[in-house]
Each structure stands twice: as structure tokens, then as C-alpha cells.
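Asks: Attaching a single structure in C-alpha cells format; questions to follow.
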């Protein structure tokens with residue numbers, strides 16, 4: 001379980017992390033965004049619970065992004081920073097990389113430029129670019145947080161993460177109350193970092209990088225995802241020579257991991273997909 005023996009820290013290059021699991025293999029998650037704090041508490045445990053299936057075989061690292069970012073910092077530079085980190089802290093290679101949402105944008109560049117730094121790579125609810133609607137939502141979300149308007153930020157992001165209905169309305173009411181506790185400013189440059197990350201997202205397009213990828217890539221997404229709709233996921237899969245696309249009907253951005261097929265699809269890819277090029 002995520003909540004047991006979880007460790008928090010920061011690597012040499014100001015990239016924060018959470019670590020759990022006892023396995024000999026390494027699983028590294030490039031986290032979503034914009035926003036560069038490592039989640040804690042019950043919400044984080046619930047979000048990561050599907051990965052409980054891997055904690056005996058893998059040690060899992062949930063990575064944030066570099067703090068104190070410089071304006072103009074790009075997703076390609078973020079990929080370079082992750083590569084330097086893996087070279088220094090993981091002897092140059094890890095077993096599995098999961099690029100989650102925003103982290104998947106970075107993973108697109110990473111997979112193209114650093115194929116020797118991993119054995120398997122997964123784009124989870126992510127593609128080569130974000131939908132125009134998704135960009136607008138995330139930029140508004142980042143602006144609200146940079147201004148300290150945490151409740152408005154929470155309501156803005158919930159509209160994209162969850163479909164309308166009773167659950168959505170209930171979550172909206174709950175988040176209005178607890179938003180100040182959820183969105184904590186844990187370091188000095190948080191308000192500027194989140195805007196820089198939102199700007200990088202708006203500028204991001206990894207189309208050419210995906211065409212350069214030589215290793216197999218598993219792409220997992222939901223058909224109701226506002227950020228990465230079916231058309232973008234299918235387009236991303238078409239750009240990669242060795243892509244395996246798993247689309248979950250009716251799933252959105254926030255609940256694809258909770259689909260009963262998620263763990264099976266990950267295990268099947270990690271255990272059965274060759275690490276190099278297909279013949």
C-alpha cells in the first residue's frame with residue numbers, strides 16, 4: 001500500500017520525489033501538472049493504489065520537476081533534466097518509466113532522445129500534445145494558483161477531470177471547502193514555477209519526437225478525456241512505429257487508472273513486450 005513506508009525527499013537537481021515499494025526493479029513516474037508539489041495523504045494513496053500490484057517487484061519513484069525554474073523552461077529541457085537524474089541516481093537506466101498526463105508530454109521527448117535510459121515506457125493519459133480546451137483549463141488553473149485563488153483553481157480543474165453528475169457536484173462542493181489544504185505552497189518559487197509549467201504545456205508539441213521513438217510504447221487513455229481525447233491518442237499511436245494503444249471506453253482523465261484492465265495491460269506490456277525494436 002502506498003501509505004506504508006513512503007519516503008519523501010529531493011534529488012541533487014531540486015527534483016522532489018516520493019518513494020515506496022521493496023522490489024529490485026525500478027519504476028519511475030513523471031508526474032502530472034502543471035504544479036510541482038508531491039501529493040501526500042489519503043488522496044495520493046487512492047490515486048496510486050492501482051500500482052500496489054508492483055510494490056513487491058519494483059521500487060517506485062514518483063518524481064516532480066525541478067524547482068526554481070527559469071522562464072522559458074521547456075518540456076524538452078525537463079526531459080534532459082530527468083535524463084541527468086537517471087544517469088546520476090539510477091546508474092543510467094531504469095526498468096519502467098510512466099509518463100503520467102503532463103509527465104507524458106515530457107516522456108515523449110525522453111523516449112526519443114534517451115532510449116538507453118529505460119527498458120519499458122508507458123504514456124498514461126497522455127499524447128504528443130494537449131487539446132486546446134485542456135490548455136485553456138490548465139492555464140487558468142495555474143493563474144488562479146499563482147494568485148492564491150485556490151478554490152477557483154480547484155473548481156476549474158474538477159470540470160476537466162470528472163464528468164458532470166452527482167459525483168462531480170459533490171466533489172466540487174468538497175473541494176471548495178478543502179482546496180486551501182490540498183493546494184499547499186511548499187516552496188518559495190511555487191507560484192512562478194506553476195505558470196512556467198503551464199506556458200511550457202501550451203507551447204508543447206512532440207510530434208517530431210514521437211516519430212523518432214524506436215522502442216515500444218504503451219499508450220493508455222480514456223475515450224472521455226478532455227485533455228487527451230480519442231483523436232489525439234490515436235494520432236499519437238500513429239506517430240510511433242512501435243505503439244500499443246489501449247483505449248478505455250467511458251473513462252476520463254482522472255479515472256483511467258481505476259479501470260479493471262489497467263494493471264493487466266501494464267503487466268502484459270512490461271512482461272511480454274520486447275525492450276528493443278520489433279522485427
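Asks: Ranking 90, 123 by Cβ neighbours within 10 Å, fewest first, what do you get?
Replies: 90, 123
Asks: Same structure, new question: If each residue's Cβ is checked for other Cβ atoms within 10 Å, how do 262, 62 rank with the fewest at the top?
Replies: Ascending Cβ contact count within 10 Å gives the list 262, 62.
Asks: Full-extension gain between residue 57 and residue 230, please, as 0.36 nm times their residue separation minus the C-alpha to C-alpha distance.
Replies: Using 0.36 nm per residue and subtracting the Cα-Cα distance, I get 59.1 nm.
Asks: At 0.36 nm per residue, minus the direct Cα-Cα distance, what do residue 191 and residue 147 gain on full extension? Give it in nm, one decimal, please.
Replies: Extending this stretch completely gives an extra 15.1 nm.
Asks: Still on this model: Out of all DSSP beta bridges with both ends in the chain, state the antiparallel percent to the nearest 5.
Replies: Among the beta bridges of the chain, antiparallel pairing accounts for roughly 25 percent.
Asks: How high is the FRET efficiency between residue 242 and residue 90 when r is their beta carbon distance and R₀ equals 22 Å, given to the nearest 0.05?
Replies: 0.45
Asks: Between residue 5 and residue 22, 0.36 nm times their residue separation minus their Cα-Cα distance comes to what?
Replies: Here the segment from residue 5 to residue 22 would lengthen by 5.2 nm.
Asks: Here's another thing I want to ask about it. Starting with the fewest neighbours, write out 94, 155 ranked by other beta-carbon atoms found within 10 Å of each beta-carbon.
Replies: Lowest to highest Cβ neighbour count: 155, 94.
Asks: Along the Cα→Cβ direction, 7 angstrom out, place labels at residue 211 and residue 140. What is the inter-label distance in nm?
Replies: About 3.4 nm, to one decimal.
Laboratory data are not the source of any read-out in this text; all were calculated from the coordinates shown. As the structure is a prediction and not an experimental result, all values here were calculated from the model. Positions of Cβ are generated from backbone atoms using ideal geometry, with glycine treated the same way; all protein chains shown enter the neighbour counts.
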